[in-house]
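Student: For reference, the structure I am asking about is given below.
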Amino acid sequence: MINKKSIEKYILKLFGKKAISVHIEKLGAGVQGAGFLIDIKTKEGHESYVIKGLFPEGLEHDYPADRAGVFLLDLEEFQNLPKHIKAIDVLAEKKNGTIQSIGGGKEYYLLMEKAEGDHYFNDLKAYAGKDRLDTSDIEKIQTMSSYLAKIHSVKKESRALHWRKVRDTIGHGECLMGVFDTYPDGLISYDEMAEIEKKCVDWRARLKPKYNRLCQVHGDFHPGNIWFQNSNDFVLLDRSRGPWGDAADDVTALTINYIFFSICNFGRLEGLYAEALVLVAPFYAFRGAVVANPVFYPDVSDQNRRRIINFVNAVLDDDEFVIDKVNEYIR
């Protein structure tokens, strides 16, 4: 589970001339991970430390970043509790097998490329003034659909990861419950929020047997993250919450916006916005909570926010999502 040779090199470098030798042996394993004893022979005697690793599936430890997050919090907080052992450092094993420290940071930042192009929100706004889809509109929809079909065709067998995606959609701080917690008081009641959350939990039981749907996903495929250079090419921003999930998450992240923009412009689903919709309730519930949130979309009227919440409730209450019933859901 751990790279003993690289850890030995790291320890010897850390202790410098003081260290004579390093011995590593496994102490034991639990549900979450395993511990290893690091015994260091020095000129003054022996010093002992423990290194811990987490198992890489389940308990939201599935991705290396999950495990790094757990250990960075340990490094920060072990020292703040009386009588708790101290954490010394967080170690990262690089692709070339070397070990280095990533601990001690006050904050962390991401450096990335700059996106060029125009985001898809521009196209959605323009739909309101059109009588029909033009060639560029159709090409963009086909380009996005083909892209999603391609990445969603990459499958993975993991019941734990599919269940995590469904669980995260309901309970993650960036998803349904977390989004509701950012709503200003009085917009919708706490009881109504709780009812929506409880309906999603019931849907979770219905979705758990569907773990063979697990596939490669973007995770936040909404119009602001899709930047077109031309009608046949785009770049993406801000892939979120892991590389594996349910295709419905990407599909609803995009298609909720056809409903949202139609409600904002017409109070119902009609016109060009009615031409591009598909599936699944809890994912629509999360995305509906996002677009109804005045923190994210402050210019939406209270009446239209209520229509979106109506849609969320009705979709969760129905046995399956039916495109022809969208306006009934909104009412």
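The values are calculated or read from the model by the stated rules, or taken from the named source; none is laboratory data. Note that this is a predicted model, so its numbers are computed, not measured. Note that we place each Cβ from the backbone using ideal geometry, even for glycine, and neighbour counts take in every protein chain shown.
Student: Of the conditions (1) free of Cβ contacts under 8 Å to residues at least 40 places away in the same chain; (2) within 24 Å of Leu59 (Cα to Cα), Arg159 satisfies every one except a single condition; which number is it?
Tutor: All conditions pass for Arg159, except number (1).
Student: Of the residues that sit in segment 220-266 and are of a type in the set (Gly, Ala, Ser) and in contact with a Phe, Trp or Tyr (Cβ under 9 Å, 6 or more places away or on another chain), which one is surrounded by the fewest Cβ atoms within 10 Å (Cβ to Cβ)?
Tutor: Taking segment 220-266 first, the residues of a type in the set (Gly, Ala, Ser) are 224, 231, 240, 242, 245, 247-248, 253, 262.
Remaining after also requiring in contact with a Phe, Trp or Tyr (Cβ under 9 Å, 6 or more places away or on another chain): 224, 242, 248, 253, 262.
Working: Gly224: 12, Gly242: 17, Ala248: 24, Ala253: 24, Ser262: 23.
The selected residue is Gly224.
Student: Note down all Cβ pairs under 8 Å where the first residue falls in segment 136-149 and is among the hydroxyl-bearing types (Ser, Thr, Tyr), the second is surrounded by 13 or more Cβ atoms within 10 Å (Cβ to Cβ) and assigned to a helix (DSSP H, G or I), and they're at least six residues apart or on different chains.
Tutor: As it stands, the answer is none, since no pair meets every condition given.
Student: Under the condition of being of a type in the set (D, E, K, R) and within 25 Å of the chain's Cα centre (by Cα), which residue from segment 287-307 is surrounded by the most Cβ atoms within 10 Å (Cβ to Cβ)?
Tutor: Arg287
Student: Now, a different point. Are any residues in segment 119-146 of a type outside the set (Ser, Thr, Tyr) and within 18 Å of Arg239 (Cα to Cα), and if so, which ones?
Tutor: Residues satisfying the conditions are His119, Phe121, Met144.
Student: Something else now. Is it the case that His162 is surrounded by 17 or more Cβ atoms within 10 Å (Cβ to Cβ), within 18 Å of Leu254 (Cβ to Cβ) and assigned by TED's automatic domain parsing to the domain that holds Phe296?
Tutor: In short, no.
Student: Condition test on Arg287, is it under 30 Å from Lys155 (Cβ atoms), out of contact with any Leu (no Cβ under 8 Å at 6 or more places or on another chain) and in the same structural domain as Met144 (by TED's automatic domain parsing)?
Tutor: So Arg287 fits the description; yes.
Student: Could you check, for segment 266-282, whether at least one of its residues is out of contact with any strand residue (DSSP E or B) (no Cβ under 6 Å at 6 or more places or on another chain), closer than 30 Å to Leu110 by Cβ and in the same structural domain as Lys156 (by TED's automatic domain parsing)?
Tutor: Filtering segment 266-282 for residues out of contact with any strand residue (DSSP E or B) (no Cβ under 6 Å at 6 or more places or on another chain) gives 266-282.
Still in the running and closer than 30 Å to Leu110 by Cβ: 282.
Then keep just the ones that are in the same structural domain as Lys156 (by TED's automatic domain parsing); that gives 282.
Yes.
Student: Here is a further query. Which one is nearest to Phe55 (Cα to Cα) among residues in segment 16-32 that are out of contact with any Asp or Glu (no Cβ under 8 Å at 6 or more places or on another chain) and in a helix (DSSP H, G or I)?
Tutor: Gly16
Student: For Glu8, are the conditions met, namely being assigned to a helix (DSSP H, G or I), out of contact with any Leu (no Cβ under 8 Å at 6 or more places or on another chain) and surrounded by 15 or more Cβ atoms within 10 Å (Cβ to Cβ)?
Tutor: yes
Student: Tally the residues that are surrounded by 13 or more Cβ atoms within 10 Å (Cβ to Cβ) and in contact with an Asp or Glu (Cβ under 9 Å, 6 or more places away or on another chain), restricting the search to segment 102-125.
Tutor: First pass over segment 102-125, keeping only residues surrounded by 13 or more Cβ atoms within 10 Å (Cβ to Cβ): 102-103, 115, 117-121, 123-125.
Imposing the further condition that a residue be in contact with an Asp or Glu (Cβ under 9 Å, 6 or more places away or on another chain) reduces the set to 102-103, 117, 123.
Count: 4.
Student: Answer with yes or no whether Phe36 is assigned by TED's automatic domain parsing to the domain that holds Ala92, in contact with a Gly (Cβ under 7 Å, 6 or more places away or on another chain) and of a type in the set (Phe, Trp, Tyr).
Tutor: No.
Student: Please find, among Leu54, Leu91, Leu75, the residue that is touching a His at 6+ places or on another chain (Cβ under 7 Å) and buried (at least 16 other Cβ atoms within 10 Å of the Cβ).
Tutor: Leu54
Student: Quick one: what pairs do we get from segment 71-82, first residue without any contact (Cβ under 8 Å) to a residue 12 or more places away in the chain, second assigned to a loop (DSSP other than H, G, I, E, B) and exposed (fewer than 12 other Cβ atoms within 10 Å of the Cβ), C-beta under 9 Å, 6+ apart or different chains?
Tutor: Glu77/His84; Phe78/His84; Phe78/Ile85; Phe78/Lys86; Gln79/Lys86
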